[in-house]
Amino acid sequence: MTASKVIVITGASSGIGEASAKLLAAKGNKVVLGARREEKLKQIVEEIKADNGEALYQLTDVTDSEDVEKLVKLAVDTFGRIDVLINSAGIMPHSPLKDKRINDWDQMIDINIKGTLYGIGAALSYMNEQKAGQIINISSVAGHYAHAGGAVYSATKWAVRAISESLREEVAQDGSNIRVTIVSPGAINTELLSSVTDPKLKKNYQQFYDSFGISVDRVATTIQQAIDLPADAAWNEIIIRPTKQVQ
Ligand code: NDP
């Protein structure tokens, strides 16, 4: 078994964040969970503890940089370090640009891009001091391909990849021994579609996910494997798609 790590996860109240938290805790890691829905976080922490795992949570809105700083500090204050940050918080309210859903655009930029940046900002100083760490950012296949209706979401996920690659070069130049991993999933069955408010697009996406979507456990396993790689090697980018998904 690999050594126990301290792992902070945003967007931990459902989907990829929740599944990763449960799997990583079951493997003996200490997980610190952040999201906005307290009931969900409480229940996940209770489940992990009932399974003899170590977990705690803090209410966190990733659009608030202070919240994210506090989440990371909670991990360091409690366990003395932060080994891994998983930036999983995200939303996907697709719509055509002509609909001018400016609030949705702003939310996606604030959560998907700024939330990821705030996480990096919060974790990096500790990881630099430790001269070790790993930052895992969740992008998407939509960060590689853009389609009608997904302009802003794709732009945010492209941004996550650009930020991650710049970060990778910076920490490599610094010799700080910090690993950077981008995980770009395809159609994964989670609560993500609940953030799609356009009724026509939502129906189309629901049909697509019903046909192709795979279990969120596949992504959790991928993340666990990326963490468990020896420290002198990093998976810098992973696309994990359903085998039958065309694009
Ligand atoms: P879910 O909707 O199941 O999970 C999203 C998580 O983000 C929830 O825990 C939610 O918690 C959290 N979240 C949303 N807004 C905020 C916020 N302002 N502050 C803190 N947390 C927030 O979807 P997924 O697990 O699928 O999504 C996780 C990531 O994976 C996202 O970045 C998504 O874009 C990406 N992704 C997902 C794919 C899929 O097919 N499922 C495909 C490609 C990428 P709460 O509401 O409690 O705050």
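The values are calculated or read from the model by the stated rules, or taken from the named source; none is laboratory data. Quick caveat: nothing in here was measured; it's all calculated off a predicted structure. Backbone-built Cβ (ideal geometry, glycine too); neighbour counts: all protein chains shown. Surface accessibility is based on the protein's heavy atoms, side chains included, excluding ligands, DNA and RNA. Shrake-Rupley method; radii C 1.70, N 1.55, O 1.52, S 1.80 Å.
Can you pull out every residue in the stretch 77-100 that is away from the ligand (no atom under 14 Å from the Cβ), under 20 Å from His147 (Cβ atoms) and buried (at least 18 other Cβ atoms within 10 Å of the Cβ)? If the condition is that a residue be away from the ligand (no atom under 14 Å from the Cβ), under 20 Å from His147 (Cβ atoms) and buried (at least 18 other Cβ atoms within 10 Å of the Cβ), then Ser95 is the only one that fits.
Among the residues examined, Ala187 qualifies as open to solvent by less than 70 Å² (accessible area, probe 1.4 Å), touching a residue at least 40 places away in the same chain (Cβ under 8 Å) and on the phi < 0 side of the Ramachandran plot. Taken over the stretch 194-205, the residue count meeting the criterion of being within 8 Å of the ligand (Cβ to nearest atom) and open to solvent by less than 30 Å² (accessible area, probe 1.4 Å) is 1. Output the residue which, of all residues in the stretch 47-62 that are away from the ligand (no atom under 16 Å from the Cβ) and part of a helix (DSSP H, G or I), is least open to solvent (accessible area, probe 1.4 Å). Checked the stretch 47-62; the qualifying residue least open to solvent (accessible area, probe 1.4 Å) is Ala50.
Reported count of residues in the stretch 216-243, each being within 12 Å of the ligand (Cβ to nearest atom), among the aliphatic types (A, V, I, L, M) and open to solvent by 40 Å² or more (accessible area, probe 1.4 Å), is 1.
Looking for something within 12 Å of the ligand (Cβ to nearest atom), polar (S, T, N, Q), closer than 21 Å to Ile227 by Cα and touching a residue at least 24 places away in the same chain (Cβ under 8 Å) - is there at least one such residue anywhere in the stretch 109-117? Scanning the stretch 109-117 turns up at least one residue that is within 12 Å of the ligand (Cβ to nearest atom), polar (S, T, N, Q), closer than 21 Å to Ile227 by Cα and touching a residue at least 24 places away in the same chain (Cβ under 8 Å).
Does Glu39 count as buried (at least 24 other Cβ atoms within 10 Å of the Cβ), acidic (Asp, Glu) and within 10 Å of the ligand (Cβ to nearest atom)? Spell out how you get there, then give the answer.
Working: buried (at least 24 other Cβ atoms within 10 Å of the Cβ): no; acidic (Asp, Glu): yes; within 10 Å of the ligand (Cβ to nearest atom): yes.
Criteria not met by Glu39.
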